[in-house]
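J.: Please see the structure below; I have some questions.
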């Protein structure tokens, strides 16, 4: 069992070990161990819940490694199962890069869609039944009794999985529109509207709360937000900023930024990726 004692493990190690535990579990249960090791990063990049970047890292020995990034704001404001959905969504991109034929840029093609369905996540342009299964901006939802849900339940039951540290937004006046912490989503997936929420970061003497969470039934744990599970630290989510004349766009791979009118469809020729609004 990969239980992490947050009172003894350094915070960075505890957080990344939790992500690694989930990755290894899903790799074994959903991908038959076909995915290579990856480097995890935690990044507050606007308009992304997470992303997969092939061969982003290199070693002095000439080895290369893929990157999966997870948005820490997403961890604190979404349901536990939605964080795991984001991870598996990016793992399917990793599988397609290693074993399939990815679509041009960030387009989600049929091969990606069918693999998502195979592992128990139904792709949808709306995030709900009835949406298109392919497209530029895609969301997904768990398939009832599918492999993904079964794997999530076993992750919680057998490995006592939790995310031991949660990103805490700075408290702000609810009416303020001057924000420097961005709301981040994957294309087509919106985070909850700004509201009074709560979050918690474990500290000394608080590991008993994690043991209480681990004893919960997966159904109640997976569908709760961390603000509901650990309501010890109340804060305001940043309100949406006022509409701007120009929108910032950023390449998710090389992070190059450009500015232009809203809803532009532009691509980075160097990385063969579509820019996302920032």
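The values are calculated or read from the model by the stated rules, or taken from the named source; none is laboratory data. This one's a predicted model, so the numbers in the text were calculated from it and none came from an experiment. Here Cβ is always computed from backbone atoms with ideal geometry, including for glycine, and neighbour counts include all displayed protein chains.
J.: Being in the same structural domain as residue 109 (by TED's automatic domain parsing), buried (at least 22 other Cβ atoms within 10 Å of the Cβ), farther than 26 Å from residue 113 by Cβ and over 10 Å from the mean Cα position of the chain (by Cα) is the requirement here; does residue 76 meet it?
T.: For residue 76, the condition - in the same structural domain as residue 109 (by TED's automatic domain parsing), buried (at least 22 other Cβ atoms within 10 Å of the Cβ), farther than 26 Å from residue 113 by Cβ and over 10 Å from the mean Cα position of the chain (by Cα) - is met.
J.: Here is a further query. On the given criteria, is residue 122 under 18 Å from residue 30 (Cβ atoms) and not in a helix (DSSP H, G or I)?
T.: Criteria met by residue 122.
J.: Which residues, taken from the range 47-68, are touching a strand residue (DSSP E or B) at 6+ places or on another chain (Cβ under 7 Å) and surrounded by fewer than 20 Cβ atoms within 10 Å (Cβ to Cβ)?
T.: Answer for the range 47-68, where residues must be touching a strand residue (DSSP E or B) at 6+ places or on another chain (Cβ under 7 Å) and surrounded by fewer than 20 Cβ atoms within 10 Å (Cβ to Cβ): 54, 55, 56, 57, 58, 64, 65, 67.
J.: Within the range 130-144, which residues are within 20 Å of residue 276 (Cα to Cα) and either within 19 Å of the chain's Cα centre (by Cα) or in a strand (DSSP E or B) (or both)?
T.: 135, 136, 137, 138, 139, 140 - these are the residues of the range 130-144 that are within 20 Å of residue 276 (Cα to Cα) and either within 19 Å of the chain's Cα centre (by Cα) or in a strand (DSSP E or B) (or both).
J.: At pLDDT below 90, surrounded by fewer than 20 Cβ atoms within 10 Å (Cβ to Cβ), out of contact with any helix residue (DSSP H, G or I) (no Cβ under 7 Å at 6 or more places or on another chain) and over 16 Å from residue 87 (Cβ atoms): does that describe residue 104?
T.: yes
J.: Please go through the range 156-177 and give me each residue that is part of a helix (DSSP H, G or I) and either modelled with pLDDT under 80 or over 14 Å from residue 80 (Cβ atoms) (or both), ordered by number.
T.: Answer for the range 156-177, where residues must be part of a helix (DSSP H, G or I) and either modelled with pLDDT under 80 or over 14 Å from residue 80 (Cβ atoms) (or both): just 158.
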